[in-house]
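The values are calculated or read from the model by the stated rules, or taken from the named source; none is laboratory data. Here the structure is a predicted model, which means the values were calculated and not measured. Using ideal geometry, Cβ is built from the backbone for each residue, glycine included, and neighbour counts are taken over all protein chains shown.
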Amino acid sequence: MHLIKTFIFFTFIFSYSFVFSQKNKTIKHELFFKKIKKLDNLEINFDKTTHFFSLQNWDSVLVYSSKALVFNKNKRLLNYCHYMRGYGFMKKKLFTEAQKEYLLISTDFIFYYKIIKNLGGIAIKQRKFKKAVKYFNTLNNLLKDSIYDFKKSTVIHDLGVSYFHLSKFKKAEELLLKSLSLQKKAKDTILLIGSYTDVGNLYYEQYKDKLAIPFYEKAYQLSKKTNSFYLKRKASLNMAIVEEDRKNLTKALVYRKEFEKWKDSLNNQEKIWGIAQIEKQLAVTQKQKEINFLESENKIKVLERNSFILFSFLLLLILLAGAYIYSQQKKATKIITFQKEELNTLNKAKDKLFSIVSHDLRSSVNLLQKSNSKLLHEIQQRNYKVLNTIVIKNAAIANSSYNLLENLLHWATLQTKQLYFNIESIDLFSAMQQITFNYQPLFDDKKIIFKNKISPASFILADLDSLKIIVRNLLDNSIKFNKEQGVITIYNYAKNKEHDCLVVEDTGIGMNEDTIEELLKETSLLSKKKNQEDIGTGLGIQLCKTLILKNHATLEIESVINKGTKMIITFPKSI
C-alpha cells in the first residue's frame with residue numbers, strides 16, 4: 001500500500017508539472033508584444049527586457065527589468081516589467097520571487113488573467129492548495145475561450161488537481177472528468193494523456209482499482225500516437241508500476257523493458273543534440289584560435305620594427321635584443337611545427353575515417369535503393385512471395401547503417417572528451433537481459449541460437465552506458481560473421497578474486513593470428529582489406545577498445561578459423 005501512495009503522489013505532481021510546462025513552452029505571446037508596440041516613450045532598459053523576453057533569456061530579462069524599474073515611473077510600463085520578471089523567476093523555478101513580482105501588478109493590467117493563472121500554478125508548486133482553489137475558481141468564472149489565449153480545460157484540470165490534494169474526491173472527480181470531456185472534443189492528445197493518468201490516480205487513491213486501471217491503459221495507448229519519447233517513457237513506467245502492484249510480474253517486465261527502450265531513445269536524442277552543440281562550439285573556438293594566432297604574429301612584427309628603430313644607435317643592445325627575439329621565434333616555431341604535425345596526423349586519421357564511413361554509407365544507400373526498386377517491381381508484378389525476403393534485407397541494411405552512425409556519434413563524443421563516465425556496481429545478468437532484448441529479431445532473421453548463460457548475482461564495476469555500447473558492437477560482429485543456424489553465447493566466469501570475465505562467443509568464420517594482432521594493436525582505425533564486405537571501418541572495435549580501457553578493463557581474443565571466436569573482457573569485481 002505504501003507503494004501505491006508513493007506512485008500516486010509522484011504521478012499527480014508529474015501531471016500538473018507536465019501541463020504547466022507544456023503551456024509555458026507553447027504559449028502565444030503575439031498579443032503581449034502587440035500591446036507593448038503600442039506603448040509610447042519606451043525606455044532602453046525596458047526595450048532590452050522585452051527583447052530578451054522574446055528570446056527566453058531569463059537571466060538577461062531579470063537584469064534589465066530591474067534597471068527598467070529604477071528609471072520608469074509609468075504605471076503601465078511597471079506592470080509589464082513586473083509581469084516579465086515574475087515570468088522569468090517562474091521559468092527559473094524561483095516561485096516565491098515570482099509570486100512577489102505578480103502581487104505588485106495592479107488589477108487593471110490587461111493581462112491580469114494570466115497573473116491569476118500563474119499564481120494558481122505557483123500555489124500548487126508550494127502545496128498551498130486552498131490558495132490554488134481560490135485562484136482557479138476566480139479564473140474559471142472569468143474564462144471565455146473566445147477571449148483568452150489558453151484553454152478552459154486546463155484551468156478546470158488544475159482546479160481538480162487542487163481539490164484532489166485537499167482530499168475532496170467527489171469535487172475533484174467532477175472537475176477532472178469535465179476537463180477530460182473538453183479535451184476529448186478538442187482532440188488534444190498531449191493534455192489527454194495527463195488527464196487520463198490523473199483520473200486513474202484519483203480512483204486509485206480511493207482504492208477503486210477497477211475504475212482506475214482503464215484510465216491508465218488509455219493514457220498508455222494514447223502515448224503511442226505521440227512523437228514524445230518523454231511521454232512514452234512515463235506512460236510505460238506507470239503501467240509497469242500498476243502491473244507490479246497487481247503482482248503480474250510478466251507484464252510488468254514487458255513495460256519495464258519498454259520504459260528502458262524509450263529512455264535510451266530519449267538519451268540518443270539528447271546526445272545527438274549535444275554533439276551538434278559541441279561541433280558548433282569547436283568551430284567557434286577554432287576560429288578564435290586562428291584570430292589569436294594572427295594577432296600574436298602581428299604583435300611580434302610590430303615589436304621587431306619598433307625595437308630596430310628605437311635601439312638602432314646602440315649596436316650591442318640591438319644584438320642582444322635580436323638574439324632574444326631570434327631565440328623566442330625559434331622556440332615558437334618549434335612549438336608551432338610540432339602542433340602542425342600533430343594536427344596533420346589527426347586530420348589524416350579523421351579524413352581516412354570519413355572517407356571509409358562515407359563509402360560504407362554510400363554502399364548501404366545504393367543497396368537500399370536497388371532493393372527498393374526490386375521491391376516496387378515485385379509489387380507491380382504481384383509476386384508477393386518474395387516481398388518478405390526483400391523487406392528483411394532492407395531492414396538489415398538499415399540496421400547496419402544505423403549501427404555505423406551510432407558508433408560514429410560515440411567516437412566523436414570520445415574524441416571531444418564529452419562522454420560522461422560513472423563507474424558503479426552493475427548486475428551483469430540484468431544488464432545483459434536489457435541489452436539482448438532488442439536483438440532477438442536479428443537472431444531469428446539469421447536463424448541464430450542465442451544463449452544467455454550469465455550467472456545470477458554477478459556484479460562488476462563499470463559504466464552502464466559504455467557497457468551497453470561495447471556488448472552491442474560485439475553482438476553485431478558476432479551476428480555479421482556467424483553462419484546461418486549458428487550459435488552465440490554470452491557467459492561469465494571468475495578470473496580471480498578481484499576480476500570477472502565477460503565472454504561473447506560465436507560459431508562464426510573465426511580469424512587468424514594476424515587479424516587478432518591487428519585488432520588488439522594500439523593504432524587508429526582499420527583500413528579495408530581483401531574482403532570489402534567483412535572488414536568495414538573498424539570503428540566499432542576501435543570504439544570498444546577505447547571504452548574498455550576507460551572502464552579499467554582489458555580485452556582478449558581467442559579464435560579458430562571456421563570454428564568461431566571468443567571476445568573476452570576482464571572487468572574489476574564489485575566487492
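State which residue is surrounded by the fewest Cβ atoms within 10 Å (Cβ to Cβ) when the search covers only region 435-467 and only residues that are over 20 Å from C501 (Cβ atoms) and of a type in the set (S, T, N, Q). So that I can check it myself, show each step before the final result.
Filtering region 435-467 down to residues over 20 Å from C501 (Cβ atoms) leaves 437-449, 465.
Filter again for of a type in the set (S, T, N, Q), leaving 438, 440.
Numbers: N438: 13, Q440: 11.
Among them, the one singled out is Q440.
So, in region 224-259, exactly how many residues are of a type in the set (G, A, S) and either under 16 Å from N201 (Cβ atoms) or touching a Phe, Trp or Tyr at 6+ places or on another chain (Cβ under 7 Å) (or both)?
From region 224-259, those of a type in the set (G, A, S) are 228, 235-236, 240, 252; that's our starting set.
Narrowing the set further to residues that are either under 16 Å from N201 (Cβ atoms) or touching a Phe, Trp or Tyr at 6+ places or on another chain (Cβ under 7 Å) (or both) leaves 235-236, 240.
Qualifying residue count, region 224-259: 3.
Which condition number does D145 fail, the rest of (1) at pLDDT below 85; (2) in a helix (DSSP H, G or I); (3) acidic (D, E) being met?
Going through (1) at pLDDT below 85; (2) in a helix (DSSP H, G or I); (3) acidic (D, E) one by one, D145 breaks only (2).
Does I470 count as in contact with a Cys (Cβ under 6 Å, 6 or more places away or on another chain) and closer than 19 Å to F450 by Cβ?
In short, yes.
Would you call N482 surrounded by 16 or more Cβ atoms within 10 Å (Cβ to Cβ), in contact with a Gly (Cβ under 9 Å, 6 or more places away or on another chain), at pLDDT 85 or above and farther than 21 Å from K545 by Cα? If you could, list the steps in order and put the result at the bottom.
Values: surrounded by 16 or more Cβ atoms within 10 Å (Cβ to Cβ): yes; in contact with a Gly (Cβ under 9 Å, 6 or more places away or on another chain): yes; at pLDDT 85 or above: yes; farther than 21 Å from K545 by Cα: yes.
Yes: the conditions hold for N482.
Among the residues of region 498-527, which ones are surrounded by fewer than 18 Cβ atoms within 10 Å (Cβ to Cβ), part of a loop (DSSP other than H, G, I, E, B) and modelled with pLDDT under 90?
Across region 498-527, the qualifying residues are K521, E522, T523, S524, S527.
Please enumerate the residues belonging to region 71-92 that are modelled with pLDDT of 85 or more and either over 19 Å from A123 (Cβ atoms) or of a type in the set (G, A, S) (or both). Give the derivation first.
Step one: filter region 71-92 for residues modelled with pLDDT of 85 or more, giving 78-92.
Scanning region 71-92 gives L78, N79, Y80, C81, M84, G86, G88.
Any idea how many residues of region 428-448 are without any contact (Cβ under 8 Å) to a residue 60 or more places away in the chain and in a helix (DSSP H, G or I)?
The initial filter retains those residues of region 428-448 that are without any contact (Cβ under 8 Å) to a residue 60 or more places away in the chain, namely 429-433, 435-436, 439-448.
Subsequent filtering for residues that are in a helix (DSSP H, G or I) retains 429-433, 435-436, 440-445.
So the count comes out to 13.
Test of understanding: among S162, S181, which residue is buried (at least 24 other Cβ atoms within 10 Å of the Cβ) and in a helix (DSSP H, G or I)?
Details: S181 fails: buried (at least 24 other Cβ atoms within 10 Å of the Cβ).
Among S162, S181, only S162 is buried (at least 24 other Cβ atoms within 10 Å of the Cβ) and in a helix (DSSP H, G or I).
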